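J.: Let me begin by handing over the structure; questions about it come next.
The values are calculated or read from the model by the stated rules, or taken from the named source; none is laboratory data. Source: prediction; values computed, not measured. Here the Cβ positions follow ideal geometry from the backbone for every residue, glycine too, while neighbour counts run over all protein chains shown.
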Amino acid sequence: MMNNNMTMTERNNNLSNRFIACMAVILVLTVVFFESAQQFFYINIYQLSENATFTGIFLSQTRKWLIWVIFAIPLWYYIKKLADEECFTAKHVYQTVLLILGLLFLVIFSMSVVEILWAKVEFTVASLWSEYFTFYTFQKTPIYSFGYTFLALIFYFYHKNNQLTVQVLKLNQLNQNDLSHFYKNKPSQDQNSSVLKIKVGNNYKIISIDDIDWIEADDYCVNIHCRDQGAVYSMRTSLKALENILPPSFLRVHRSAIVNMEGVKEYKTKGSGLIKMKTGDEIAVAQSKLKTLNDFYTNEGSFFHH
């Protein structure tokens, strides 16, 4: 069954690859045609040239966009690598912006060189800079940068969709055998505890929710701190989503932290609230959560141990 599912997934991926390639070609040709028609219209209405033809303008625009497409290949591989990351952070945004700016420079520079060679005029640094590079920078930067940004988003969601397709198949394999293996050496009283399945590299690790010490937000992911040798696992989800599945012993003490109150050693509510865990970790408590923290220990007085 698994092999049949994977074969079907590969077939679907091949189909989606062809569909995306066809749509990309159609989109680029549409843009090239529109730009050519627009340029031809302006040339005629303002009588900028007597020798300009639509075919010549179309071929010129095609050359320029072909260079743009060629330099989109590194963006594809970068986004594919980025999609493999556990979390998407602000650092990745900055890196993507820098890559797009670098690609824009290379595209405009290459375009300028090609057009000089195509026109068979004297090649000088001055003419390259003043007559071609500067002109194309103002003319092409807006639409080319928008195009690369749009492609980056499409590439990212495409790769993520493929990953999710594979992950769904893998998640379907979380069967009774997985749980039996996890509970094999557990005491009988621990075998009713809930578990989380966390992706670690290319594998999945099952951890008991009772082993979680605290959870902190980290951009679009969360870092799960476990008591077991201070292990920390990254999971692509939100604190709000986890709040809905965690037992009452887990308390949201900050917009960026959820604490398993069973692991608390001591806490203070005067001034800036602070929780100290038995593992030595210290977690700040938001002012708005101090009452919730006090109420928890008021209602669960016998639950707290110093």
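J.: Kindly indicate which of A126, A21, A90 is surrounded by fewer than 11 Cβ atoms within 10 Å (Cβ to Cβ) and touching a residue at least 40 places away in the same chain (Cβ under 8 Å). Give the derivation first.
T.: Working: A126 fails: touching a residue at least 40 places away in the same chain (Cβ under 8 Å); A21 fails: touching a residue at least 40 places away in the same chain (Cβ under 8 Å).
After applying the criteria, what remains is A90.
J.: When you scan region 37-87, how many residues do you find that are assigned to a helix (DSSP H, G or I), of a type in the set (F, W, Y) and either farther than 21 Å from T149 by Cα or more than 37 Å from the chain's Cα centre (by Cα) (or both)? Give the derivation first.
T.: Residues of region 37-87 that are assigned to a helix (DSSP H, G or I), as a first pass: 37-45, 54-70, 72-83.
Narrowing the set further to residues that are of a type in the set (F, W, Y) leaves 40-42, 54, 58, 65, 68, 76-78.
Filter once more, keeping what is either farther than 21 Å from T149 by Cα or more than 37 Å from the chain's Cα centre (by Cα) (or both): 40-42, 54, 58.
Number satisfying all stated conditions: 5.
J.: Among K140, K170, which is modelled with pLDDT under 90 and assigned to a helix (DSSP H, G or I)?
T.: On the way: K140 fails: modelled with pLDDT under 90.
None of the other options fit; the residue is K170.
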